[in-house]
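Undergrad: What follows is a single structure, and I will ask about it in a moment.
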Amino acid sequence: MRVVICPGMGCDIHSNWYQWFADEIIKRKYVTECILRNFPDQPKCRESVWLPFLVDKIGLDQDTVVIGHSTGAALAMRLLEYNGEEKKKLNGPLKGVILVAAAHTDLGDEGERLSEYFNRSWDWTKMKNGADMIHLFHGTDDHLIPVIEARYIADKMKGDNFEYSELPNKSHFFHPFSEILDVMDDKFGGEGDQLL
């Protein structure tokens, strides 16, 4: 299974928990590759640049789990929608998507508005069809994206393939958090020892 990490606005491979997660997840028997790359078009992070980069340059298939943080989560949400609608590139749903600190509005921020993810409504049904498993993490103390944003997404995404974890006393996930590894192991690891 391949894992792809989509960063937040203004972030690179050394930001936040990305390198820690890449180092930890590749130790799992069920992971064959973890892709952690700097994305182009920083700090604008426009959907018109990032979605083709993710689909065409990095490449995705039905054995891929995409993990998106902040603006990367908005990218992952549009990817879910795109894949749920067209199914041309991947010929079926992704294995999974993990959203970390996701928003469904631009929160009045000009940079987020210009990123293109929030310039139209979300098609929640298409998004649900875009992956076999979708998990959303959000911190109750997130000062950049209020938790009400995640609660709204969780309400719209309810279903058999969606889970929501609201973590008390967590901010915008600038630091490693073991819960993401727990979800990966639980959903994709199978039974027994997960480590190589």
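Undergrad: How far apart, in nm, are two points set 7 Å out from the Cα along the Cα-to-Cβ line at D63 and at D23?
TA: Here the modelled spin labels are 2.7 nm apart.
Undergrad: So how exposed is K158, as accessible area in Å² (1.4 Å probe, rounded to 10)?
TA: Here the residue's solvent-accessible area equals roughly 130 Å².
Undergrad: Another question, then. What order do D12, D185, D132 take when sorted by accessible area (1.4 Å probe), most exposed first?
TA: Descending accessible area places them as D132, D12, D185.
Undergrad: Relative to the present Cα-Cα distance, how much length would full extension add between Y152 and H14 at 0.36 nm per residue of separation? List each step's numbers first, then the result.
TA: Values: separation 138, 0.36 × 138 = 49.68 nm, distance 3.03 nm.
Full-extension gain reported as 46.7 nm.
Undergrad: Here's another thing I want to ask about it. May I ask you to compute the full-extension gain from T125 to E166, defined as 0.36 nm times their residue separation minus their alpha-carbon distance, rounded to one decimal in nm? Please report the intermediate quantities before stating the final value.
TA: Details: separation 41, 0.36 × 41 = 14.76 nm, distance 2.23 nm.
Length gained, T125 through E166: 12.5 nm.
Undergrad: Here is a further query. Using alpha-carbon pairs under 8 Å, 6+ residues apart, how would you state the relative contact order of segment 2-186 in percent? Walk me through the numbers on the way to the answer.
TA: Details: 365 pairs, mean separation 40.0, N = 185.
This gives 22 percent for segment 2-186.
Undergrad: Given a Förster distance of 30 Å, report the FRET efficiency between D132 and R37 from their Cβ-Cβ distance, rounded to the nearest 0.05.
TA: With a Förster radius of 30 Å, E is 0.80.
Undergrad: Could you sort the peptides 170-176, 118-124 by per-residue average Cβ neighbour count (10 Å cutoff), highest mean leading?
TA: The packing order, highest mean first, is 170-176, 118-124.
The values are calculated or read from the model by the stated rules, or taken from the named source; none is laboratory data. Just so it is clear, the model here is predicted, and its values are computed rather than measured. FYI the Cβ positions are ideal-geometry reconstructions off the backbone, even for glycines, and counts take in every protein chain you see. Calculation scope for accessible area: heavy atoms of the full protein, side chains included, ligands and nucleic acids excluded. Shrake-Rupley method; radii C 1.70, N 1.55, O 1.52, S 1.80 Å.
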